[in-house]
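Right, one structure below, let's go through it.
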Amino acid sequence: MAFYIQHEFFLFGKESQTFSKDYFYEWEDGLGGTPSRIFMNFQITSSDIEGEEIGNALFDLMKNHFFHDLERDPGNRFEDVLKEINHFVANKEESLSMSLVPFLNVSIAAITGDSLFLSQRGDAEVYLIRKRYVSVLSEGLSDPKDRSELFSNIANGSLSSGDALLFSTRRLLRYVTKSDLGRFFTIEFTLSQALEAIKGMLSLDSNESIDLLAIRVGEPIHLAVIEGTDEDLKAPRSFPFRLDPLKDRLIQWKSFVAQFLSKYKKASTSAKVSIEEVELTKEVPVASVESDSDRVSLFKEWRTLKRDKILLLLVVSVLILLVGIYVVRNQGQKQQYIDELEAKLQTVEANLNTAQTTGSYDKEAAKILLDEAQQIALDVLNSGYLRGKASEYLGRIDQQRDQIDNVSRIEAPKVFLDFSVQDPSTNALGMLAMGDRRYVYTHNKLYEIILDKIQEPLLIDENEVVIDAVYYEDNQSLLFLTKSNRIIEFKEGQFSFVDTEDGAWHAAVDLEVYNNRIYLLDSGQKQIWRYSRQRNGFGGADAYVSDETIGLGDAVSFSIDGSVFILKEDGSVIKLYGGEKEEFRISKAPTTDLSGATQIDAEFERFQVFVLDPAGNRIMVYNKDAKSGYLVYNRQFILDDVEPLHDIFVDKTANRFYVVGGAKVYEVSY
């Protein structure tokens, strides 16, 4: 599926030391292959290098290789582009006897159908704005320490109607918060207005510049299938887009008047020819002929002109009358339509007032009222009329949801740890504790935290890629789950692989330890595998779930406090005990969608259960109902202007939790 695509460029700041330029090229479906577009957001920060020459050369390579052999997979063609660009840059560096990569802030992208392919280098960043949520797509695509090649990794995914992409040659989140970006790139703002709004928030040094490229994904392109013979296809066809009725009528009348005037000119010319012929054939005195012919000609022209003027006047009068009737009728219909929209907004106002009262005792009813109000306000906003009022109501609806859901928005969360100072390429995955010692881990490194200070990292393993970790209290060690389904134990400063009698561990998306047993959540086989500790390693896998119909195929996380809480892709939670599903529900559930949640955290000695929702930069807090065993929604925290969130660690003794981003760890008291 292909989409209509809009794009805008914007450059802010001085270019005394830099060269910046945006590039765009479109391959239409009429040229063969899928409709595709390529973009490049380019900046070179050294005035000693011919920036425009290099930028033009890179984009020419991109065009020539991405649109070559269109039958091949676009991902493979995009990979070829990166290889050719890297080869060109390497040759250029050799000819100039200097390194170019450190001076380049560049991101390139291809949109073919509904697929996006992306790569990045330097300070350039690419953001996806989807339903007001902002994600940094370019995170981790390049390693600042590796200067051997310009591009090294590719991100790809699917786009949806309504998405917006923002390319920046600088790290834009230093100046603009994610919440502001999400607000700017809604249907209330055109791309130009969104970029102007960002401009108003930028505060650059005098020698800095920032180049922005904004893209909005519109509605899908529906291609019409034309049937008929070859001769039919050769015949000229009218353009399928119709103008509004008034313009159609004006065009029709214009054609009619043109035909009429053409006939008038022909009649006039014919009369002159007839008179000349009479003059040549009749043998009469010249003076007499001229006098009679002049009188006949003048008389005929006067009569013809008089009739034509009257007819033309009538035509113009009828035209003015029709236009006037249309305008009056249209104005009446327009006013009636606006009155209908006003009535809809009155319904929105009524729903807001009722929800404010109802929310204190019936949250579900309030949610239904707010959902209805939001849909009506969006319909009015999309109508093109009363957009200011509709936008105001949408803002009030968001505020009402925040009030009902007990939302705490933290604009500048406290940074507990900042790895970017020590190593900007750090991409932390999680945080855990072993006794009174704190650790943060990445895919292959472990950092100990002593007195809020980051220690030198320990290498977990050269070949394995860590995806999760847990504290193993009974053995006073840390366990790491890897992508290749192995478990590594960290104990007394040493790393070693842990064995099972089965010879290999089951595949898993999450790891937990409870009562001296290891539990693995295997969504592929819709099972939770349990391994008991033995003298040397662990025994074989024991299936914990007894009912295969429970449905763990979409499970993303689980946590154990005696019972097993399982978080699913759609944000729902189920509860198991003894391997069987329990009757369970969440009381006073939040009014907003939780489909972006990735982690649930429960503990036997803790009264609260936490859920991390990176899509909304949210942490949800639920209380356990000791009597029913249900969860009762309590509140949520929304962190503004933060990196993509990966993990949550709760310190129950201090009533605070830590949220792990890419290179920062944030601290929040609850």
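The values are calculated or read from the model by the stated rules, or taken from the named source; none is laboratory data. Nothing here was measured: the structure is a model prediction, and the numbers come from that model. As a convention, Cβ positions derive from the backbone with ideal geometry for all residues, glycine included, and neighbour counts pool all protein chains shown.
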Just to be sure, is I325 modelled with pLDDT under 90, within 34 Å of the chain's Cα centre (by Cα) and not in a loop (DSSP other than H, G, I, E, B)? no
Whether any residue in the range 124-147 is touching a helix residue (DSSP H, G or I) at 6+ places or on another chain (Cβ under 7 Å) and within 19 Å of E84 (Cα to Cα) is what I want to check. yes
Between a residue in the range 54-80 that is farther than 13 Å from F151 by Cβ and in contact (Cβ under 8 Å) with a residue 12 or more places away in the chain and any residue that is among the basic types (K, R) and not in a helix (DSSP H, G or I), which pairs come within a Cβ distance under 6 Å, given they are 6 or more apart or on different chains? G55/K21
Number of the condition not met by T358 [criteria: (1) within 30 Å of P144 (Cα to Cα); (2) buried (at least 18 other Cβ atoms within 10 Å of the Cβ); (3) more than 32 Å from the chain's Cα centre (by Cα); (4) not aromatic (F, W, Y)]: (1)
Please list, ordered by first then second residue, the pairs with beta carbon atoms under 6 Å, 6 or more apart or interchain, first in the range 573-600 and touching a residue at least 24 places away in the same chain (Cβ under 8 Å) and among the polar types (S, T, N, Q), second surrounded by fewer than 16 Cβ atoms within 10 Å (Cβ to Cβ) and not in a loop (DSSP other than H, G, I, E, B). S587/V632
Please note which strands (runs of 3 or more DSSP E) are completely contained in the range 475-519 and include at least 2 residues that are without any contact (Cβ under 8 Å) to a residue 12 or more places away in the chain. 494-498
Determine which member of the set T549, T482 is within 19 Å of Y439 (Cβ to Cβ), in the same structural domain as D647 (by TED's automatic domain parsing) and among the hydroxyl-bearing types (S, T, Y). T482
Among the residues of the range 44-54, are any at pLDDT 85 or above, assigned by TED's automatic domain parsing to the domain that holds R171 and either on the phi > 0 side of the Ramachandran plot or assigned to a strand (DSSP E or B) (or both)? yes
Scan I129, I108 and give me the residue that is out of contact with any Gly (no Cβ under 7 Å at 6 or more places or on another chain) and among the β-branched types (V, I, T). I108
